[in-house]
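Only one structure is covered here, and it is reproduced in the block below.
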Amino acid sequence: MREYNFEIEEIENGLRLKNLKDFQPSHIFDCGQCFRWIKDGDESYTGVAMGKILNVRRDGEDIIFDNTNMYDFENIWYDYFDLGRDYSSIKNQLALHDENLAKAVEFGWGIRILQQDGWEMLISFIISSNNRIPMIQRAINNISERYGKDLGEYNGNHYFSFPTPQELSEASIEDLRDCKTGFRDKYIYYTTKAVIEDEIDLASFVAMEADICHKELLKFKGVGAKVADCIGLFGMRKYGSFPVDVWVKRVLQEFYQAEDMSLPKMRKYGMDLFGKDAGFAQQYLFYYVRELEIGK
DNA sequence: AGTCAGGTCGTCT
DNA sequence: AGACGACCTGAC
């Protein structure tokens with residue numbers, strides 16, 4: 001077994017993580033980075049990632065991972081939850097930047113940026129454009145049900161993997177419209193087509209230099225600056241990304257004296273302001289203002 | 001009925 | 001380069 005700076009206890013059908021710092025399920029799953037983790041009635045979250053169903057909840061000071069084992073923890077969940085990163089150090093650094101960021105970090109103390117799948121992020125964030133979270137979730141769920149693999153049951157519900165490019169290429173534009181993707185149906189269709197025909201491996205984007213990665217992502221239909229930044233940050237480890245949506249735009253205007261400038265300028269403004277950790281700063285700020293509806 | 005939501009695309013200066 | 005309207009969908 002590997003050595004960690006927290007303790008793991010194997011329990012019935014899962015794991016108990018003790019002394020795990022900077023980890024709060026609600027902060028992680030509700031900070032806007034993912035769409036497939038749904039809160040159950042018991043305050044636990046169930047989601048699908050890397051073809052596995054996992055349930056996560058807090059139990060006092062501990063975190064419970066249900067429906068998994070040590071093997072998957074070491075091979076999947078450790079990296080997925082970015083457990084090798086020292087978030088306390090990042091938070092301390094950000095808190096020194098300014099008062100507002102300090103408050104945002106305190107508010108979303110348990111946020112972690114998940115290391116999600118690049119291909120899934122590509123399609124998911126295309127769907128996110130000019131859309132609402134419940135509808136984004138529904139569309140992704142429809143796509144997974146119809147084109148992904150049945151992963152079986154957990155607590156009475158069926159879960160499906162997010163389809164591979166090959167699997168999703170079975171869908172026509174009309175099929176995608178039926179999944180309630182709206183006008184983004186053709187973006188998804190042509191993006192999937194491009195990935196298949198040009199044999200693009202989205203996982204290889206992780207190794208790319210951030211700027212190149214961003215430019216490559218912009219080549220896909222339905223991917224603009226904001227969506228490319230989200231894909232880069234959440235699916236390709238580009239932590240200097242600064243996705244600017246309506247909320248972040250408000251943040252920059254409310255807290256950081258930004259004028260009402262264009263999106264490309266806002267993006268540069270944020271990246272210059274926060275530097276290499278801009279992506280982390282963006283997440284804490286986004287969660288803070290959206291939860292409290294600051295500036296609305 | 002009109003507006004708005006994790007924006008992007010196409011078209012026109 | 002930069003501005004502007006259109007766009008699925010459904011909830012307020």
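Restricting to strands (runs of 3 or more DSSP E) lying wholly in the range A:9-103: which have 3 or more residues that are within 18 Å of the chain's Cα centre (by Cα) and within 30 Å of A:Gly240 (Cβ to Cβ)? Outline the logic, then answer.
Numbers: elements: A:14-18, A:45-49, A:52-59, A:62-66.
So the answer is A:45-49, A:52-59.
For the range A:165-177, give me each residue that is exposed (fewer than 15 other Cβ atoms within 10 Å of the Cβ) and either in contact (Cβ under 8 Å) with a residue 12 or more places away in the chain or within 21 Å of the chain's Cα centre (by Cα) (or both).
A:Gln166, A:Glu170, A:Ser172, A:Ile173
Among the helices (runs of 4 or more DSSP H) confined wholly to the range A:210-296, which include 1 or more residues that are farther than 22 Å from A:Lys103 by Cβ and not hydroxyl-bearing (Ser, Thr, Tyr)?
A:210-218, A:225-235, A:263-274
Quick one: which residue in A:Asn92, A:Asn131 is within 16 Å of DNA strand C (Cβ to nearest atom) and surrounded by fewer than 21 Cβ atoms within 10 Å (Cβ to Cβ)?
Being within 16 Å of DNA strand C (Cβ to nearest atom) and surrounded by fewer than 21 Cβ atoms within 10 Å (Cβ to Cβ) holds for just one of A:Asn92, A:Asn131, which is A:Asn131.
Residues in the range A:144-171 that are over 19 Å from A:Phe220 (Cα atoms) and within 16 Å of DNA strand C (Cβ to nearest atom): how many?
Result for the range A:144-171: 2.
Looking at A:Phe255, A:Phe234, which one is of a type in the set (Phe, Trp, Tyr), buried (at least 19 other Cβ atoms within 10 Å of the Cβ) and within 25 Å of A:Lys193 (Cα to Cα)?
A:Phe234
Just checking, does the range A:62-73 include any residue being surrounded by 18 or more Cβ atoms within 10 Å (Cβ to Cβ), at pLDDT 95 or above and under 28 Å from A:Val227 (Cα atoms)?
no
Anything in the range A:230-248 that is within 19 Å of A:Phe280 (Cβ to Cβ) and near DNA strand B (Cβ under 8 Å from one of its atoms)? List them, or say none.
A:Cys230, A:Pro243, A:Asp245, A:Trp247
Filter the range A:114-134 for residues that are in contact with a strand residue (DSSP E or B) (Cβ under 9 Å, 6 or more places away or on another chain) and not aliphatic (A, V, I, L, M); which is nearest to DNA strand B (Cβ to nearest atom)?
Here is the first cut: in the range A:114-134, the residues in contact with a strand residue (DSSP E or B) (Cβ under 9 Å, 6 or more places away or on another chain) are A:114, A:116-117, A:120.
Cutting the leftovers down to not aliphatic (A, V, I, L, M) gives us A:116-117, A:120.
On the way: A:Gln116: 11, A:Asp117: 16, A:Glu120: 13 Å.
Among them, the one singled out is A:Gln116.
Taking the conditions exactly as written (assigned to a loop (DSSP other than H, G, I, E, B), within 16 Å of DNA strand B (Cβ to nearest atom) and under 21 Å from the mean Cα position of the chain (by Cα)), does A:Arg184 satisfy them or not?
In short, no.
Only one of (1) touching a Lys or Arg at 6+ places or on another chain (Cβ under 8 Å); (2) within 16 Å of DNA strand B (Cβ to nearest atom); (3) in contact (Cβ under 8 Å) with a residue 40 or more places away in the chain fails for A:Thr192. Which number is that?
Going through (1) touching a Lys or Arg at 6+ places or on another chain (Cβ under 8 Å); (2) within 16 Å of DNA strand B (Cβ to nearest atom); (3) in contact (Cβ under 8 Å) with a residue 40 or more places away in the chain one by one, A:Thr192 breaks only (1).
The values are calculated or read from the model by the stated rules, or taken from the named source; none is laboratory data. Predicted model, so just to flag it, every value in this text is computed and none were measured. Because the Cβ atoms are built from the backbone with ideal geometry, glycine has one as well, and the counts that use them run over all protein chains shown.
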